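First comes the structure, then the notes that go with it.
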Amino acid sequence: MNPSTNGYHPRKRANHHTVVAIVEDKPGVLMRVASLFRRRGFNIESLTVGHSEMPGLSRMTIVVDGDSAPVEQVEKQLYKLIDVIKVSDLSNEDIVARELAMIKVRCNNVNRHELLDIASVFRADVVDIATNSIILQVVGDEDKIDGLIKMCEPYGIRELSRTGRIAMVRGTKTTTVHEPEPERIARIHQTQGRRVEGDLPFSSD
Amino acid sequence: MARMTGAQMVLECLQREGVEVIFGYPGGVVLPLYDTLPQYPGIRHILVRHEQGAAHMADGYARASGRMGVCLGTSGPGATNLVTGICTAWMDSVPVFALTGNVSRALLGKDGFQEADITGITHSITKHNYLVMRPEEIPLTIREAAHICRTGRPGPVLVDIPKDVFQESAEFDWPERVHLRGYRPTYEGHAGMIRRAAELIDQARRPIIIAGHGVIWSDAQEELVALAEKAEIPVITTFLGIGAFPEAHRLSYGWLGMHGMFYANMAADNADLVIGVGMRFDDRAMGRFKDFNPGVKIIHIDIDPAEIGKNFPTAVPIVGSAKNVLPRLTEHVREAKHPEWLQWIDQVREEHPSLHIRESRRMLPQYVVRTLYEETEGNATIVTGVGQHQMWAGQHYFYKRPRQLISSGGLGTMGFELPGAIGAQVALPEAEVWAICGDGGFQMTMQELAVVVDENLPLKIAIFNNGYLGMVRQWQQLFYDRNFVAVAMTQPDFCKIADAYGIRAIRVETKAEVAPAIREARAYPGPILLDFMIDQEENVWPMVPAGAALSETIEAPAEELAR
């Protein structure tokens with residue numbers, strides 16, 4: 001094993017499926033989804049979550065290993081969670097899928113130029129530079145990122161961090177939800193279960 | 001709108017949801033709620049002796065009545081003691097509403113005294129759960145939780161409320177409607193799928209209906225009978241589906257599974273079309289999946305889309321409630337007769353009767369159940385624990401109506417019998433309820449005898465006492481080369497235990513005493529315990545050995561029948 005890669009080997013992605021779930025932006029949702037996958041034995045390749053275009057709703061992009069479970073079961077089980085509003089399987093869609101990675105690579109005055117050349121081929125940005133290391137930031141599909149990682153390996157990778165895939169269907173089709181809640185209910189839903197701000201009275205029972 | 005404390009809101013909401021009984025146990029953080037209880041005389045609180053009992057009672061109450069059962073525990077151990085009961089309800093899709101207190105908000109996450117992350121713990125065994133952080137969230141939360149609990153495929157929910165949220169006041173704002181974007185159960189059933197299913201039924205030469213718990217929960221017994229009669233389809237049930245189809249009906253062929261009737265297993269295994277209604281093709285029912293009836297076509301009707309295709313590929317999936325789907329299916333199918341197919345099953349039944357009880361001087365447990373059936377004319381509500389006695393109670397009592405047999409099927413929770421029966425008796429105060437208990441399971445929850453006395457319930461308790469963990473002993477005998485380890489139990493004197501609680505008890509030691517004892521128990525107006533000293537080494541037959549296929553069902557070996 002090449003010690004500089006910390007044993008990192010790109011995984012085969014033969015049967016990976018991209019599933020997008022629109023979920024309530026509430027405490028515990030990530031745990032519910034993660035615990036569902038664990039319990040049912042569905043393998044997650046990556047899971048990415050963040051705010052969406054809809055207030056109170058987050059968009060989760062999950063890459064599932066289709067060998068571990070039929071994607072249909074994954075979808076149905078996700079739908080059973082009350083906080084999951086919509087699930088879209090993008091496996092058979094024409095999608096744009098991207099991931100961002102930051103790679104901290106060992107380098108010195110002698111070989112820094114080589115690294116910069118490699119970075120420019122991959123259209124990676126240099127976001128930090130120091131005497132003995134450099135951070136490259138690259139956006140692309142997994143193959144492209146794997147390719148850059150492979151090129152950096154001989155120099156020695158000090159640290160690698162990847163965001164996991166996010167994806168969108170090409171064209172006008174979306175995974176959005178068109179169903180606003182009544183204002184009164186939305187107000188409670190958006191605070192439901194969240195910590196109250198400020199000092200709370202202390203009492204021990 | 002009125003200003004109320006969180007505790008008042010909780011009780012006000014439960015009352016508006018139609019809750020009449022809470023099975024609970026007090027403790028530090030739920031004291032504000034208990035303090036408020038007297039203001040709501042419409043809600044009857046039943047004090048249990050262990051929170052597990054509270055959850056099982058809420059469960060038994062729900063299964064017997066079809067209504068939501070409510071249990072209540074304090075934080076920490078109170079909440080964790082509910083877990084077994086919540087999981088029991090979860091596996092069997094029973095609407096149990098669990099309410100727990102938690103430490104005050106300032107202490108949450110700080111490992112305060114008696115803090116347990118009960119919402120985290122119960123994520124995977126509830127339909128949904130809530131941690132309520134503000135009193136103004138209470139009305140919407142309880143309304144949503146009760147809605148989720150009762151609708152669609154029913155199931156447990158949990159609402160966890162910190163102590164200071166019970167104490168804080170806010171405006172009470174009752175939402176008339178529930179609006180959940182992520183929860184829309186499908187009741188109707190797809191018209192095209194129903195037509196396709198009808199076509200398959202019309203073409204089938206050996207169709208069979210397997211009816212499950214869902215038929216009972218959607219109250220669709222009549223609709224099921226109508227379909228079976230119109231197309232002359234034999235009906236078998238799952239263990240939890242017992243009662244979904246009247247067992248005296250000419251098209252009834254018992255129930256299938258590990259200890260199901262031989263002919264039911266063979267019918268399922270030789271059918272060319274299986275119509276699964278409100279059931280989930282569980283491993284205990286279907287045997288080894290890959291060898292179940294190769295070539296069979298499956299129509300699967302269930303309200304939970306995730307059940308369809310989970311264990312078996314389905315030819316026609318219909319997502320909807322049995323109550324709605326069955327009549328529409330009946331409308332579309334042609335009237336038909338299947339004399340050859342019925343004859344075939346009848347013949348198997350004649351050759352392998354399964355439910356025949358042999359002549360014996362011993363007190364056979366099957367005989368006790370059958371005598372109970374005869375004495376009660378098949379009208380009693382039976383609640384069981386888990387193990388051999390459960391299987392005998394399923395086999396040798398014949399059930400007429402839904403909700404007549406109440407038992408922990410999916411989770412297989414020993415100790416369910418007594419609290420489950422208490423819940424059922426509370427729901428049906430006029431009914432004759434028998435708790436059929438294992439001698440092992442009874443000791444897991446027997447402290448609830450105190451509740452029987454407190455509430456003056458006329459419960460009949462029958463202990464099947466063989467001094468063994470019988471089902472485990474049976475497995476050790478059959479599959480572990482008679483290496484009996486940790487199954488023989490020194491039992492206490494159950495009659496003295498009953499006596500200590502002030503409950504009348506009779507020990508039944510011979511076969512001749514069985515019927516008189518049952519008659520005496522029935523004639524006695526109060527609670528009574530019968531300690532049946534049954535034959536010690538009787539096994540449950542037929543049996544699909546662990547990991548075997550339904551076609552490999554074995555019957556009682558000759559040497560056992562000669563005993």
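Conditions tested, residue by residue: (1) surrounded by fewer than 18 Cβ atoms within 10 Å (Cβ to Cβ); (2) more than 23 Å from residue B:356 (Cβ to Cβ); (3) not hydrophobic (A, V, I, L, M, F, W, C).
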| site | (1), (2), (3) |
| --- | --- |
| B:516 | yes, yes, yes |
| B:520 | yes, yes, yes |
| B:525 | yes, yes, yes |
| B:529 | no, yes, no |
| B:544 | no, no, no |
| B:547 | yes, yes, yes |
| B:550 | no, no, no |
| B:554 | yes, no, no |
| B:559 | yes, no, yes |
Filter pass, residue B:200 being more than 30 Å from residue B:31 (Cβ to Cβ) and either small (Gly, Ala, Ser) or in a helix (DSSP H, G or I) (or both):
yes
Matching residues, the range B:291-309, being touching a residue at least 60 places away in the same chain (Cβ under 8 Å) and more than 19 Å from residue B:319 (Cβ to Cβ)
B:291, B:292, B:293
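Could you list, in sequence order, all residues of the range B:414-446 that are assigned to a helix (DSSP H, G or I) and under 22 Å from residue B:534 (Cβ atoms)?
Going through the range B:414-446, the residues assigned to a helix (DSSP H, G or I) turn out to be B:417-427, B:439-446.
Scanning the range B:414-446 gives B:417, B:418, B:420, B:421, B:439, B:440, B:441, B:442, B:443, B:444, B:445, B:446.
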Taking the range B:417-458 and keeping only residues that are acidic (Asp, Glu) and more than 13 Å from residue B:52 (Cα to Cα), one is left with B:430, B:432, B:439, B:454, B:455
If only one of B:69, B:60, B:78 is under 18 Å from residue B:148 (Cβ atoms) and not polar (S, T, N, Q), which one is it?
B:69
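Filter the range B:109-129 for residues that are within 8 Å of another protein chain (Cβ to nearest Cβ) and closer than 21 Å to residue B:91 by Cβ and give the result. Outline the logic, then answer.
Taking the range B:109-129 and keeping what is within 8 Å of another protein chain (Cβ to nearest Cβ), we get B:112-114, B:119-120, B:123-124, B:127-128.
Correct list: B:119, B:120, B:123, B:124, B:127, B:128.
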Return a yes/no flag: does the range B:339-347 have any residue that is part of a strand (DSSP E or B) and either at pLDDT 95 or above or buried (at least 23 other Cβ atoms within 10 Å of the Cβ) (or both).
no
Consider residue A:53 against the criteria (1) within 14 Å of chain B (Cβ to nearest Cβ); (2) at pLDDT 90 or above; (3) outside any strand (DSSP E or B): it satisfies all of them except one. Which criterion is unmet?
(1)
Positions within the range B:147-165 being more than 18 Å from residue B:85 (Cβ to Cβ), more than 7 Å from chain A (Cβ to nearest Cβ) and buried (at least 23 other Cβ atoms within 10 Å of the Cβ), in sequence order
B:161, B:162, B:165
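The values are calculated or read from the model by the stated rules, or taken from the named source; none is laboratory data. The structure presented is a predicted model; accordingly, all values stated were derived computationally and were not measured. Methodologically, a virtual Cβ is constructed for each residue, glycine included, from the backbone with ideal geometry; neighbour enumeration extends over all protein chains shown.
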